[in-house]
Amino acid sequence: MRKFGLIGYPLEHAYSHKYFAEKFKKDGITDAKYELFSISEIAKIKNIIASHPKLVGLNVTTPYKELVIPFLDDMDKTILKLGTVNTVKIFRNGEGYRLKGFNTDVAGLEKTFDQLKITPETKALILGSGGSGKTLSYVLDNRGIASKNVSRNPSNLQQISYKKLNKSIFEEYKLIINASPVGMFPNIKQAPDISYNFITEEHICIDLVYNPAETMFLNLCRQNGAKTVNGLTMLYEQADKAWEIWNSDEC
């Protein structure tokens with residue numbers, strides 16, 4: 001039986017195993033199994049692959065989307081621009097193997113923005129500067145949408161400190177996206193440290209977190225009149241794209 005899985009740490013919030021279990025059942029796929037591999041350091045990916053000889057594909061989540069890259073033998077050309085990986089295809093050759101990295105988060109984000117009909121006139125404020133934030137910046141830039149990352153420790157001109165967020169910035173940036181893990185299960189009472197009284201009915205607020213379905217961030221934004229969207233569309237779309245990659249002849 002072919003095996004697929006998710007690596008990350010921790011994985012209490014993970015929904016991928018449930019999604020794929022439901023997909024396998026719905027599509028009548030009986031030769032596949034999806035597992036969670038909670039690993040405390042990325043080097044353990046070698047142990048996972050060696051001890052599961054039927055493993056042919058992995059999803060990658062926090063905090064390993066960037067740290068996994070040195071372990072890859074090859075990467076999709078998109079990764080060179082993104083610097084983040086969320087999908088790994090394992091090519092077996094006897095007792096050896098080769099790993100190739102992809103980023104299917106791009107497809108998930110494109111789908112989300114298409115559904116919301118986000119136009120280039122809209123400016124985006126990205127809360128977080130990690131792997132998901134970098135992917136967001138890449139997708140928004142390709143769509144001609146100006147964006148700025150909010151970081152606790154700004155490192156370039158495209159980033160701004162949470163402490164410097166003020167009313168005028170929220171008046172300029174009407175698309176607010178949480179690309180940080182703040183508010184993810186089990187820490188559901190937490191929310192990004194912004195002034196929610198600056199959020200209005202003119203704002204669209206997206207949280208890439210999908211567990212819980214409505215995070216504290218989305219709840220506070222909704223209470224101020226904003227349109228809110230969680231990360232489920234992105235999750236489903238990127239998962240389907242990963243499945244396509246794992247089952248293709250791509251090498």
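Comparison of L80, L55 shows that the only residue that is under 20 Å from the mean Cα position of the chain (by Cα) and hydrophobic (A, V, I, L, M, F, W, C) is L80. Looking only at the range 182-216, residues that are not in a loop (DSSP other than H, G, I, E, B) and not aliphatic (A, V, I, L, M) come to 5 in all. Criterion applied to G8, G96, G101 was being among the small types (G, A, S), in contact with a helix residue (DSSP H, G or I) (Cβ under 8 Å, 6 or more places away or on another chain) and either farther than 21 Å from S129 by Cα or surrounded by 14 or more Cβ atoms within 10 Å (Cβ to Cβ) (or both), and the one residue passing it is G101.
Filtering the range 55-68 for residues that are among the small types (G, A, S) and assigned to a loop (DSSP other than H, G, I, E, B) leaves an empty set. Within the range 197-222, being hydroxyl-bearing (S, T, Y) and either at pLDDT below 95 or surrounded by 19 or more Cβ atoms within 10 Å (Cβ to Cβ) (or both) holds for Y210, T215. For beta carbons closer than 8 Å, sequence separation of 6+ or different chains, a first residue in the range 181-203 that is in contact (Cβ under 8 Å) with a residue 12 or more places away in the chain and a second that is crowded, with 16+ Cβ neighbours inside 10 Å and of a type in the set (S, T, Y), the qualifying pairs are P181/T62; G183/T215; M184/T215; I188/T215; A191/T215; P192/S180. Which is more than 17 Å from K227 (Cα to Cα) and either surrounded by fewer than 18 Cβ atoms within 10 Å (Cβ to Cβ) or at pLDDT 95 or above (or both), of L175, L157? Going through L175, L157 in turn, the sole match is L157.
Which members of the range 108-129 meet the condition of being crowded, with 19+ Cβ neighbours inside 10 Å and within 29 Å of L55 (Cα to Cα)? Listed by number, the residues that qualify are G108, L109. When you scan the range 86-101, do you find a residue that is at pLDDT below 95, of a type in the set (D, E, K, R) and closer than 23 Å to H203 by Cα, even just one? Scanning the range 86-101 turns up no residue that is at pLDDT below 95, of a type in the set (D, E, K, R) and closer than 23 Å to H203 by Cα. Take N93 and decide whether it is free of Cβ contacts under 8 Å to residues at least 40 places away in the same chain, within 23 Å of L232 (Cβ to Cβ) and of a type in the set (S, T, N, Q). It is false that N93 is free of Cβ contacts under 8 Å to residues at least 40 places away in the same chain, within 23 Å of L232 (Cβ to Cβ) and of a type in the set (S, T, N, Q). So, in the range 223-232, how many residues would count as being in a helix (DSSP H, G or I) and within 10 Å of Y196 (Cα to Cα)? Selection size over the range 223-232: 1.
Report whether or not K25 is modelled with pLDDT of 95 or more, of a type outside the set (A, V, I, L, M, F, W, C) and either exposed (fewer than 15 other Cβ atoms within 10 Å of the Cβ) or assigned to a helix (DSSP H, G or I) (or both). For K25, the condition - modelled with pLDDT of 95 or more, of a type outside the set (A, V, I, L, M, F, W, C) and either exposed (fewer than 15 other Cβ atoms within 10 Å of the Cβ) or assigned to a helix (DSSP H, G or I) (or both) - is met.
Among the candidates G225, G231, G183, the residue that is surrounded by fewer than 20 Cβ atoms within 10 Å (Cβ to Cβ) and either assigned by TED's automatic domain parsing to the domain that holds L136 or under 12 Å from the mean Cα position of the chain (by Cα) (or both) is uniquely G225. Annotation: of all residues in the range 80-91 being of a type in the set (A, V, I, L, M) and not in a strand (DSSP E or B), the one that is surrounded by the fewest Cβ atoms within 10 Å (Cβ to Cβ) is L80.
The values are calculated or read from the model by the stated rules, or taken from the named source; none is laboratory data. Computed from a predicted model, the values in this text were never measured in an experiment. A quick note on method: Cβ atoms are made from the backbone with ideal geometry, for glycine too, and the neighbour counts reach across all protein chains shown.
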